[in-house]
């Protein structure tokens with residue numbers, strides 16, 4: 001089982017328009033509703049790829065109940081902490097003519113410190129026997145910056161693979177707990193090392209800096225650009241398959257899910273990231289985040305190039 005932790009799930013609405021006109025009435029040709037948020041997306045993709053996810057975090061109100069129902073319908077195991085604050089909603093707006101995707105994000109409401117204590121207790125109880133722990137997204141307002149680092153320390157006591165997909169202070173603090181893998185995007189990497197990264201050599205240098213600060217391995221995504229990944233053995237470049245994306249929202253989460261599943265199965269970092277890139281591309285072909293098909297991922301894997309740069 002892979003424990004998927006996130007404190008900011010979301011009810012997700014996707015609205016597709018033939019051509020969006022600003023400052024005018026627009027009528028969607030398709031509207032889809034579902035569950036999302038980074039950790040929920042990870043759990044959905046793990047389930048689609050044959051993994052056994054357990055999704056935990058915070059849910060509240062009618063939206064929270066709708067997310068719980070959606071995940072139950074997908075036969076995804078859950079143990080959410082119910083909170084007083086309503087779960088947020090995010091809206092994706094797709095303009096078919098322009099080929100643009102706009103994400104309207106509602107920020108999460110404040111969560112009480114006692115709720116974080118209950119969530120940590122849930123994680124502590126469910127970790128033994130898990131193959132991996134994935135910590136995704138921002139920490140909800142009201143939570144401690146050190147929440148992820150404390151979770152990593154707990155998992156390390158059980159010898160469990162830890163993957164952190166976070167940014168800003170949460171990422172910087174998590175490095176102190178020595179997670180097995182961190183997965184920032186290139187902008188988040190630049191913010192963490194506090195400098196501009198103008199080329200691949202600069203990105204690899206920053207990647208190594210995060211390893212020096214505690215990460216066992218570092219994976220850097222950058223949209224359609226190649227993924228760079230490094231550990232104590234090698235540095236790899238993974239070229240994403242060429243696709244015409246419909247909605248790339250959640251592709252980073254799909255990457256995290258597939259990569260973690262393959263690492264837990266014993267693959268090396270480069271091979272695991274090749275699966276991650278294929279899953280990320282498969283996600284971008286779907287209107288709703290996290291709803292990939294295993295067959296599509298396998299087909300795209302054949303179009304995903306892996307190159308060892310060193311080691």
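The values are calculated or read from the model by the stated rules, or taken from the named source; none is laboratory data. Just so you know, these numbers come straight off a predicted model, no measurement behind them. Note: ideal-geometry Cβ built from the backbone for every residue, glycine included; neighbour counts use all protein chains shown.
Values for this structure:
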quantity: Any hit, the range 166-176, residues being under 18 Å from residue 252 (Cα atoms) and over 16 Å from the mean Cα position of the chain (by Cα); calculated: no
quantity: Qualifying positions in the range 226-244 - without any contact (Cβ under 8 Å) to a residue 60 or more places away in the chain and either farther than 23 Å from residue 212 by Cβ or out of contact with any helix residue (DSSP H, G or I) (no Cβ under 7 Å at 6 or more places or on another chain) (or both); calculated: 226, 232, 243, 244
quantity: Residue within the range 150-159 that is over 24 Å from residue 278 (Cβ atoms) and under 17 Å from the mean Cα position of the chain (by Cα) present; calculated: yes
quantity: Yes/no for residue 146 being surrounded by fewer than 19 Cβ atoms within 10 Å (Cβ to Cβ), under 22 Å from residue 40 (Cα atoms), in contact (Cβ under 8 Å) with a residue 60 or more places away in the chain and in contact with a helix residue (DSSP H, G or I) (Cβ under 7 Å, 6 or more places away or on another chain); calculated: no
quantity: Residue 198 vs. criteria surrounded by fewer than 19 Cβ atoms within 10 Å (Cβ to Cβ) and not in a helix (DSSP H, G or I); calculated: yes
quantity: Residue within the range 9-22 that is in contact with a helix residue (DSSP H, G or I) (Cβ under 7 Å, 6 or more places away or on another chain) and within 30 Å of residue 127 (Cα to Cα) present; calculated: yes
quantity: Test: residue in the range 207-217 that is in a strand (DSSP E or B) and crowded, with 17+ Cβ neighbours inside 10 Å; calculated: yes
quantity: Test set (1) surrounded by 18 or more Cβ atoms within 10 Å (Cβ to Cβ); (2) touching a residue at least 60 places away in the same chain (Cβ under 8 Å); (3) not in a helix (DSSP H, G or I) - residue 303 fails condition number; calculated: (1)
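One line per residue, one yes/no per condition, for (1) modelled with pLDDT of 95 or more; (2) within 18 Å of the chain's Cα centre (by Cα); (3) part of a helix (DSSP H, G or I); (4) more than 16 Å from residue 2 (Cβ to Cβ):
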| residue | (1), (2), (3), (4) |
| --- | --- |
| 257 | yes, yes, yes, no |
| 260 | yes, yes, yes, no |
| 263 | yes, yes, yes, no |
| 272 | yes, yes, yes, no |
| 275 | yes, yes, yes, no |
| 283 | yes, yes, yes, yes |
| 286 | yes, yes, no, yes |
| 290 | yes, yes, no, no |
| 298 | yes, no, yes, yes |
